[in-house]
1. Does Leu92 count as surrounded by 17 or more Cβ atoms within 10 Å (Cβ to Cβ) and outside the structural domain of Val153 (by TED's automatic domain parsing)?
2. Within the range 34-53, take every residue that is aliphatic (A, V, I, L, M) and over 18 Å from His23 (Cα atoms) and give me the one that is surrounded by the fewest Cβ atoms within 10 Å (Cβ to Cβ).
3. Using the structure shown, decide if Val192 is in contact with a helix residue (DSSP H, G or I) (Cβ under 6 Å, 6 or more places away or on another chain), of a type in the set (A, V, I, L, M) and either surrounded by 11 or more Cβ atoms within 10 Å (Cβ to Cβ) or not assigned by TED's automatic domain parsing to the domain that holds Glu126 (or both).
4. Residue by residue through the range 149-174, note down the ones that are surrounded by 14 or more Cβ atoms within 10 Å (Cβ to Cβ) and either part of a loop (DSSP other than H, G, I, E, B) or of a type in the set (Asp, Glu) (or both).
5. Tell me the residue from Glu72, Glu67 that is among the charged types (D, E, K, R) and at pLDDT below 95, please.
6. Out of Glu60, Glu82, report the one residue that is in the same structural domain as Glu162 (by TED's automatic domain parsing), exposed (fewer than 15 other Cβ atoms within 10 Å of the Cβ) and out of contact with any helix residue (DSSP H, G or I) (no Cβ under 9 Å at 6 or more places or on another chain).
7. All but one of (1) surrounded by fewer than 13 Cβ atoms within 10 Å (Cβ to Cβ); (2) within 30 Å of Thr142 (Cα to Cα) hold for Met1, so report the exception by its number.
8. Looking at the range 114-148, which of the residues that are free of Cβ contacts under 8 Å to residues at least 24 places away in the same chain and in a loop (DSSP other than H, G, I, E, B) is farthest from Lys62 (Cα to Cα)?
Amino acid sequence: MKLPDIKNADRYKGLYVVDFGGHSGIGFAAEEVAELLESEKFKDIKVYKIYRAYPDGKMELKGVPNEIFELEAGMFFFESDESTAKGDYKRLTNAAITNAPPTRAKVHFAKYGDEKFVTAIIFPAEQNDEMSRWLLDIDYKTQGLAEGGIDAVKQYYQDKPEILEQHQLFDQKQLDVLTGEKLLAATQMAYVR
């Protein structure tokens, strides 16, 4: 894959490079990559996340499996005491108000039939590393058992606990996401942003 010369490479950190075969595009958002992958025309593209960028234009890329853009990941914090569990939920949602997460997410406060409670945060799987970092940055801690990952989300949906409260979190960056014809046109560009 050949990339064009990049100036101000640090502005692309956290975005994606898409290899279309004959050319590459730099600066796609996760939502844009997901939309491209839904198309038959782009189902075989190769996707790389920009993890680090340097002043000289060099970037560290990490390949991302295409199927990850179809999945959700999550973190689940369990408690046996309702009051403690409710406190976990409130701390997480309040922390998101003062320090927005890196991606959109949903937070549930739910009850299992066996008097077990959970604070669940569910988000796009391709943002797992960023969400883990965010939880560390806000110093989010609980006392009970914690689980996470793609399989944990599948199990949560399968278990169907009673959702007592829910909250939608919005990400910290307000990127104008391209869709439809504008996104299709961007697939021909070396620099999307």
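The values are calculated or read from the model by the stated rules, or taken from the named source; none is laboratory data. Because the structure is a prediction, the values reported are computed rather than measured. All Cβ positions, even for glycine, are placed from backbone atoms using ideal geometry, and neighbour counts span all protein chains on display.
1. Working: surrounded by 17 or more Cβ atoms within 10 Å (Cβ to Cβ): yes; outside the structural domain of Val153 (by TED's automatic domain parsing): no.
Spelling it out, it is not the case that Leu92 is surrounded by 17 or more Cβ atoms within 10 Å (Cβ to Cβ) and outside the structural domain of Val153 (by TED's automatic domain parsing).
2. So in the range 34-53, the residues aliphatic (A, V, I, L, M) come out as 34, 36-37, 45, 47, 50, 53.
Cutting the leftovers down to over 18 Å from His23 (Cα atoms) gives us 34, 53.
Values: Ala34: 18, Ala53: 20.
Going through the qualifying residues, I end up with Ala34.
3. Numbers: in contact with a helix residue (DSSP H, G or I) (Cβ under 6 Å, 6 or more places away or on another chain): yes; of a type in the set (A, V, I, L, M): yes; either surrounded by 11 or more Cβ atoms within 10 Å (Cβ to Cβ) or not assigned by TED's automatic domain parsing to the domain that holds Glu126 (or both): yes.
Yes; evaluated as a whole, the condition is true for this residue.
4. Passing the criteria: Gly149, Pro161, Asp171.
5. After applying the criteria, what remains is Glu67.
6. Values: Glu60 fails: in the same structural domain as Glu162 (by TED's automatic domain parsing).
Only one candidate qualifies: Glu82.
7. (2)
8. The qualifying residue farthest from Lys62 (Cα to Cα) is Asp114.
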